[in-house]
Amino acid sequence: MSFYNAIWLVLLALVPLVVAISYAQEQTKARTRSRFAPGELFAKFARTEPSARVRIRAILVAVALGLLLVGFARPQGGEIVQEEEMQGVEIVIAMDISRSMLARDLNPNRLTAIKNVVSRFIESSYGDKIAVVAFAGDAIVVCPLTTDHGSAAAFVDRLTTEEPILPGTAIGSAIHLAVSRFQDTSAGRVVILLTDGQNNKGLDPLAATKEAVNANVRIYTVGIGTPKGAPLPISKTLPLVGEQKYRTDKNGKPIVVGLDDSLLMQIAKETGGKYFSATSQSDVNALYSKISHEGQVEFQTRRLLRHDELAPYFLLLACLFLIMEAFYSYITPAEVSHVEAKS
């Protein structure tokens, strides 16, 4: 047997102290009565509780106190293995972390705005297996499929555009890698693709989309940014002094990164998913409430290891001993003389 809050057991040292205090009080009362009047005289006008009954009541209280303290320490018996059926789908979140995600048509920029929403979505997706793929000019697995949503959200929070990935935007490579992450063929399969849609590297996005269709993967696409676009800042942080500097082309004009929503709409349509736009902060905030978990199927049996809680038994015994102490006076001789009490 083990204890979850063993610190309570230290207070068991008080149990014998309770008995000792009760015994000392009874002795003090007896001496006080003796000084007041001789035992024969005292017995003519007063009656006392038997000393044996006082001791037994003190023992009952002490035992109850000991049982209460043991109960508070939460004794635990053997281990119990339980199986819990979980409902959900396997979800791979593919996030664009290319330099274009630093554009500030969303506050404070595209990547940060989306990261906050993705983290909240992950933490609220009970029962789903979630993986995270990040991509720029290539794609990498940031977090494999897991039900540990806290860890998955933490990986998302740490994503930056400074990851060691080739520059560019490889949407096809991201879809191909996301499709390869799924494990259970009987589970619902969903990819959530978040990008500005301006593909310029890697595999052909439409070829990768056909691969997703063959694997029975549904892709929900999220277009990030406004169609008219925004200048691409050189730094991911706002300057403390002066104006923000932007990347320029060979003619010295600021490079504007927009949104290619036509490609994302086609990807979603061919896979049976949906396209969502995040062209404003309000769109971002309402984004995942619009994405329903369709076709949820049972995909996992989780084995939980639990301990048999014994505390209720100890607390019940403590209550029984307290009840015995309370009614003990009614089931034993009520009164004896002062002389008998001293014996």
Checklist entry - Here are some residues: 296, 281. Which one is modelled with pLDDT under 80 and more than 20 Å from residue 226 (Cα to Cα)? => result 296
Item to check | Filtered residue count, segment 103-148, keeping only those that are out of contact with any Phe, Trp or Tyr (no Cβ under 6 Å at 6 or more places or on another chain) and of a type in the set (Phe, Trp, Tyr) | outcome: 2
Checklist entry - Before we move on, is residue 107 surrounded by fewer than 18 Cβ atoms within 10 Å (Cβ to Cβ) and assigned to a loop (DSSP other than H, G, I, E, B)? => result yes
Next on the checklist: Restricting to segment 135-155, count the residues that are within 17 Å of the chain's Cα centre (by Cα) and crowded, with 23+ Cβ neighbours inside 10 Å.
Outcome noted: 1
Checklist entry - Can you name the residue in segment 217-242 that is in a loop (DSSP other than H, G, I, E, B) and either buried (at least 22 other Cβ atoms within 10 Å of the Cβ) or in contact with a strand residue (DSSP E or B) (Cβ under 6 Å, 6 or more places away or on another chain) (or both) and, of all such residues, is modelled with the highest pLDDT? => result 217
Item to check | Condition met for residue 132 (at pLDDT 90 or above and buried (at least 21 other Cβ atoms within 10 Å of the Cβ)) | outcome: yes
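The values are calculated or read from the model by the stated rules, or taken from the named source; none is laboratory data. In this text the structure is predicted, and so the values were computed from the model without any measurement. Please note: Cβ atoms are built from the backbone with ideal geometry, for glycine as well, and neighbour counts cover all protein chains shown.
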